[in-house]
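Read-outs throughout are calculated quantities, based only on the coordinates presented, and are distinct from any laboratory measurement. Here the structure is a predicted model, which means the values were calculated and not measured. Neighbour counts are summed over all protein chains in view; Cβ atoms, including those assigned to glycine, are modelled from backbone coordinates with ideal geometry.
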There are 2 protein chains.
Amino acid sequence: MTEKAVSLLSGGMDSATVLAFARSMGYDVTAITFDYGQRHSKEIVSSEAICRYYGVRQKRIKIDLRQIGGSALTSEKPVPERPYQEIGQGIPETYVPSRNIIFASLAAAYAETIGSNVIFIGANSVDYSGYPDCRPEFFTSFQKALALGTKIGTERGFEIEVPLQSMSKGEIVKLAERLKVPLELTWSCYNGREKACGACDSCKLRLKGFMDAGSVDPLRYERYPPDYRDYLAKKNKK
Amino acid sequence: MTEKAVSLLSGGMDSATVLAFARSMGYDVTAITFDYGQRHSKEIVSSEAICRYYGVRQKRIKIDLRQIGGSALTSEKPVPERPYQEIGQGIPETYVPSRNIIFASLAAAYAETIGSNVIFIGANSVDYSGYPDCRPEFFTSFQKALALGTKIGTERGFEIEVPLQSMSKGEIVKLAERLKVPLELTWSCYNGREKACGACDSCKLRLKGFMDAGSVDPLRYERYPPDYRDYLAKKNKK
């Protein structure tokens with residue numbers, strides 16, 4: 001029987017790549033998408049499209065993180081716009097306290113009910129080192145807690161797989177392309193308009209990833225940051 | 001400035017005792033009560049009464065554990081009735097997968113937003129050893145995960161206080177009485193009727209605790225288990 005895994009799918013590039021990676025390892029994958037009071041539902045729509053594309057089951061879990069508070073991603077504060085250099089410096093304003101901790105707990109609980117002790121998470125500590133619950137040390141100790149604190153874990157152990165952990169955005173883009181992830185279906189922008197804004201931290205990091213990988217983002221943008229525009233112009237000249 | 005702590009308060013005897021204990025240690029305590037799709041709201045009403053009694057703030061967090069499934073406490077399965085001897089044998093049917101893991105994660109997230117790195121939990125591994133996320137090893141490793149995975153934890157560490165960890169129900173009753181916990185306001189019964197049923201696991205364990213402590217439960221019951229009836233009869237003869 002194929003081993004079961006759950007894979008956290010936000011609808012972004014990283015989590016879509018992790019879903020493809022888990023499938024490529026032969027797991028019978030169920031995607032888990034959190035409906036957590038995001039500013040916009042665009043991510044959730046993307047996650048559904050990705051599940052349809054791969055024909056995987058999707059479990060949606062509703063947990064309103066606005067109850068907890070403390071973040072620009074779920075509150076009315078404007079999404080910060082700032083240069084690359086400041087991204088990854090300290091803990092960003094968009095930090096949802098313990099979000100990965102909460103998501104991993106709920107994923108573990110659900111995994112247990114379907115007989116799975118494997119969770120895939122698209123966390124990454126290189127480009128966005130400001131989130132303490134994205135760090136390898138956190139996942140290692142949380143995995144240990146799940147091995148001790150769940151029924152299935154006490155019987156078979158528990159695994160938290162964080163395959164993108166030490167990859168740069170450029171490496172993630174390369175992996176996504178190698179796995180043929182439908183990147184045009186993914187959504188990374190913090191704003192939920194028709195096209196990606198091209199100005200928020202998440203858009204900038206994503207486009208920097210494509211530049212580093214030497215390839216072009218198939219997603220449509222309202223405007224490109226100047227360096228990506230220059231990059232495209234040079235690329236087209238060739 | 002008084003140090004802040006959060007204390008998980010279900011409305012039951014154990015969590016009420018822990019709240020009183022945290023206050024007795026001098027903490028500025030906020031009670032956290034989870035509205036998790038319990039079969040009945042009687043517990044929540046009790047928790048409110050306890051907070052009013054102590055004049056502490058109460059934060060309610062809504063997380064529907066029925067989405068996760070897998071337990072008699074949140075599903076339509078009948079609440080099991082069984083003799084003492086079977087209670088604590090294996091993992092009970094009322095096990096909500098990873099419930100303490102989920103609750104502790106949400107509590108940690110909330111604690112962080114109010115500047116607290118201390119969580120009190122009324123878990124207990126003596127009378128109810130069937131739940132893996134009630135065991136000391138679990139809390140120790142989870143505390144480590146929180147120290148690594150939260151912003152406040154990376155700065156000041158994180159503490160999960162489980163003062164009832166190794167106490168029997170009888171010892172908990174004694175502690176509650178010493179701390180003058182208003183036990184008549186607490187609710188332990190798995191059924192949500194006007195009086196406690198006296199037949200479910202939780203009622204039986206609670207009454208056994210009072211017998212072991214040599215005292216009398218101020219709560220009203222529909223009926224008493226035979227041994228508690230005998231105990232009361234003997235007590236009244238004296």
**Prompt:** In nm, one decimal, shortest first: how far is the label point of B:Glu171 (7 Å from Cα along Cα to beta carbon) from the matching points in the other copies?
**Reply:** 4.9
**Message:** Can you give me the angle between helix A:201-213 and the longest principal axis of chain A, using Cα atoms only, in degrees from 0 to 90, rounded to the nearest 10?
**Reply:** 80 degrees
**Asked** Between A:Glu137 and B:Arg52, what is the FRET efficiency for a Förster distance of 51 Å, r being their Cβ-Cβ separation, to the nearest 0.05?
**Response** 0.75
**Request:** Determine the relative contact order of chain B: mean sequence separation of Cα pairs under 8 Å and six or more apart, normalised by residue count, in whole percent.
**Result:** 21 percent
**Amide H within-cut-off set for A:Glu161, under 5 Å, with H built and near neighbours excluded** = A:Ile119, A:Phe120, A:Ile121
**Item:** Rounded FRET efficiency, nearest 0.05, which uses the C-beta distance separating A:Ser166 from A:Glu3 and R0 of 22 Å
**Value:** 0.35
**Prompt:** Where nothing but the Cβ of Lys and Arg (+1) and of Asp and Glu (-1) is charged, how large is the charge dipole of chain A around its Cα centre, in debye to the nearest 20?
**Reply:** 620 debye
**Fill in**
Label model pair B:Lys234, B:Arg193: point-to-point distance (7 angstrom along the Cα→beta-carbon line) in nm is 2.8 nm
**Complete:** Length gained if A:Asp64 through A:Glu159 is fully extended, taking 0.36 nm per residue and subtracting the Cα-Cα distance, is 31.6 nm
**Complete:** With Cα coordinates, the longest principal axis of chain B makes an angle with the long axis of helix B:42-54, in degrees rounded to 10, of 70 degrees
**Prompt:** Order of B:Leu19, B:Leu219 from fewest to most other C-beta atoms within 10 Å?
**Reply:** B:Leu219, B:Leu19
**Item:** Two-site label geometry, A:Arg220 and B:Met25: point separation in nm, points 7 Å out along Cα→Cβ
**Value:** 5.7 nm
**Prompt:** Given label points at 7 Å from Cα along Cα→Cβ, what nm distances, shortest first, separate A:Tyr53 from the same residue in every other copy?
**Reply:** 5.6
**Item:** Residues whose placed amide H lies under 5 Å from that of B:Asn191, excluding near-sequence neighbours
**Value:** B:Cys197
**Asked** Shortest first, in nm, what separates the label point of A:Arg66 from those of the same position in the other copies (7 Å along Cα→Cβ)?
**Response** 2.2
**Message:** For chain B, what does the helix formula give at 222 nm: sum of -39500 (n - 2.57) over DSSP H segments with n ≥ 4, over the residue count, nearest 500 deg cm²/dmol?
**Reply:** -12500 deg cm²/dmol
